[in-house]
Amino acid sequence: MTTRKQTAVQKACARVEAGIGALAASATDHVRAELPRYALVPVEQHRGTVRDTIQSLLHALAGGGGFSADDAKAIRYAALRREGTGIPVQDILAAFHVVGRDVWDALARVEGISAGTLVQLADPLWSWIQRASALVAETSAAGGGAQGRQVVLRQRLLESVRAGDAAEGDAVENARRLGFVPGGSFRAVCTEAAPWVEGDLELLQRGLARLPGTNHAGLHGTLMIVLCQGASPQAVAEEVHRQLPGHGSVGVGLERPGVSGAETSIGDAERALRVAWPESVSFFERAWLHSGLVDARTRLTPLYGEAKAIAAEHPGLAQAVRAFADEGFSLAAAAAALQLHPNTVAYRLDRWHELTGHDPRRFDGLALSMLSIGPPR
């Protein structure tokens, strides 16, 4: 990181630390509201621990994102205290994500902070939270509990896969110990992490264990990720969606070979999630066009922006274009799917062309039309 960028980061962290008392109090309240079992911890003691965590995180960010031995010692000690109180390890992991989210929100609210500075902060912030989570999981596993050992294996596997180290021996061994066949095919399903911080990830894991195949769920950064093998993607997605607090959206990746393919599938699922309709399940194999263009949307807006407004104003026309594409470019098949006369469908395609300038009977016109209409539900 350059000196100028480092200075901007340091200033932002200092501004947030200046209000650390109020931030620690609100973050503690959020943890206790979203994870009710934290009521077992005296509130003032809890606020003190949260304050220490926030301060360690801000100092690490200001110093370049390093994770100190003192940080590790404090986190292990706090994790042991929480487990001794009766709080399960999944809730302890989730609490770190709540605090990380609140720190990120506080940084984003710093007056005058640039988008570039926020970008510089994002990776080290969530990396610190993930390292803290890994320490908590390892501390729990050291206690000998089977559940704790499973949690740490999931955590280590996700860390390795997301870091691009899936080819390393540890990732392969952890996958094997979780019941995966390392050389087999993997598929990822993901949602935003925040709802699971409020809910119970262990309940989801129990539900997944009842399904055929091998399925393991964990939190990583801003995502909740399920890695699957030998499972029905529809069944896994339905189980995730059924238990998802608030019934948010779910993204499903393609099946990819090997442990290294798990990371590619996570990327698929993340992209499908980004273009998912509210409270829906989005499969990358159907949403690939829209998800692939997410990062180019600003550049492409002049090409499809007006058509997007027309699609909203004339849903019947947009529906005809989608049916025409979904039914193999057959007027008769599209008409049957919509329960309309083929002449009606043809008229609507012509009308769409007239209003938008995009001819759905040509590849380029159909591609821009589908981009403006949005991904399939």
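The values are calculated or read from the model by the stated rules, or taken from the named source; none is laboratory data. Since the model is a prediction, treat every value here as computed from it, not as a measurement. Because the Cβ atoms are built from the backbone with ideal geometry, glycine has one as well, and the counts that use them run over all protein chains shown. For the accessible areas, the whole protein counts, side chains as well, though only heavy atoms, and no ligand, DNA or RNA atoms are used. Shrake-Rupley method; radii C 1.70, N 1.55, O 1.52, S 1.80 Å.
Computed quantities for the displayed model
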quantity	calculated
Filtered residue count, segment 261-283, keeping only those that are in a helix (DSSP H, G or I) and either in contact (Cβ under 8 Å) with a residue 12 or more places away in the chain or open to solvent by less than 10 Å² (accessible area, probe 1.4 Å) (or both)	13
Segment 205-217 residues that are within 17 Å of ARG156 (Cα to Cα), paired with ones that are in a helix (DSSP H, G or I) (beta carbon under 7 Å, 6 or more apart)	ASN215/LEU208; ASN215/VAL236; HIS216/ARG154; ALA217/LEU201; ALA217/LEU204; ALA217/GLN205; ALA217/LEU208
Residue within segment 337-346 that is open to solvent by less than 70 Å² (accessible area, probe 1.4 Å), assigned to a helix (DSSP H, G or I) and either of a type in the set (Phe, Trp, Tyr) or closer than 26 Å to VAL252 by Cα (or both) present	yes
Condition met for VAL236 (within 21 Å of the chain's Cα centre (by Cα), among the β-branched types (Val, Ile, Thr) and more than 20 Å from GLU159 (Cα to Cα))	yes
Residue list for segment 238-248, restricted to those being modelled with pLDDT under 90 and in contact with a helix residue (DSSP H, G or I) (Cβ under 8 Å, 6 or more places away or on another chain)	ARG242, GLN243, LEU244, PRO245, GLY246, HIS247, GLY248
Number of the condition not met by GLU327 [criteria: (1) more than 30 Å from GLN243 (Cα to Cα); (2) among the charged types (D, E, K, R); (3) surrounded by fewer than 15 Cβ atoms within 10 Å (Cβ to Cβ)]	(3)
Some residue of segment 162-170 being modelled with pLDDT of 90 or more and part of a loop (DSSP other than H, G, I, E, B)	no
Residue list for segment 354-377, filter: without any contact (Cβ under 8 Å) to a residue 40 or more places away in the chain and open to solvent by less than 20 Å² (accessible area, probe 1.4 Å)	PRO360, GLY365
Among the candidates ARG351, ARG286, ARG297, residue that is at pLDDT 90 or above, open to solvent by 50 Å² or more (accessible area, probe 1.4 Å) and either in a helix (DSSP H, G or I) or more than 13 Å from LEU368 (Cα to Cα) (or both)	ARG351
